[in-house]
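What follows is one structure encoded as structure tokens, with my remarks underneath.
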Amino acid sequence: MGIRVSDAIENLREELKLAQEKGKNQDLQFNVVSIEVELEVIAEEEIGASGKVNWWIFGGAVDTKGKEASKHKLKLVLQGQHGPIPVAQTLSERPE
């Protein structure tokens, strides 16, 4: 099995937190404004009633036997923020 995209992003988050912790007493520090990540991923549809699509980072260990799968490039631009992110309002919830 490959690495799920969600696991890769969580690992990236932990690595960035570790880097921040290691650099807190350094003379030169960096502020993360945005993070660009480009991944080759497999969109894998499970055949059956669920019709669920799984996203895996592309690698030789992804087993797609008995499943519909296609390869894609996924580019994410992430902006760092501390604390909870407010839930975005949908158009129907916005005041007129």
Picking from Thr90, Thr64, the residue that is of a type in the set (Ser, Thr, Tyr), surrounded by 11 or more Cβ atoms within 10 Å (Cβ to Cβ) and modelled with pLDDT under 80 would be Thr64
**Request:** Could you tell me whether segment 10-17 includes any residue that is of a type in the set (Lys, Arg) and at pLDDT below 80?
**Result:** no
Taking segment 34-58 and keeping only residues that are assigned to a strand (DSSP E or B) and surrounded by 14 or more Cβ atoms within 10 Å (Cβ to Cβ), one is left with Ile35, Leu39, Val41, Ile42, Ala43, Glu44, Glu45, Asn54, Trp55, Trp56, Ile57
Counted residues in segment 1-33 being surrounded by 14 or more Cβ atoms within 10 Å (Cβ to Cβ) and of a type in the set (D, E, K, R) come to 1
Here the qualifying pairs (Cβ atoms under 6 Å; residues six or more apart or on different chains; first in segment 8-22 and farther than 10 Å from Leu78 by Cβ; second among the β-branched types (Val, Ile, Thr)) come out as Ala8/Ile57
**Asked** Would it be correct to say that Lys75 is at pLDDT below 80, under 18 Å from the mean Cα position of the chain (by Cα) and in a strand (DSSP E or B)?
**Response** no
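The values are calculated or read from the model by the stated rules, or taken from the named source; none is laboratory data. All values reported here derive from a predicted model rather than from experimental measurement. Reconstructed Cβ throughout: ideal geometry from the backbone, glycine too, with neighbour counts over all protein chains shown.
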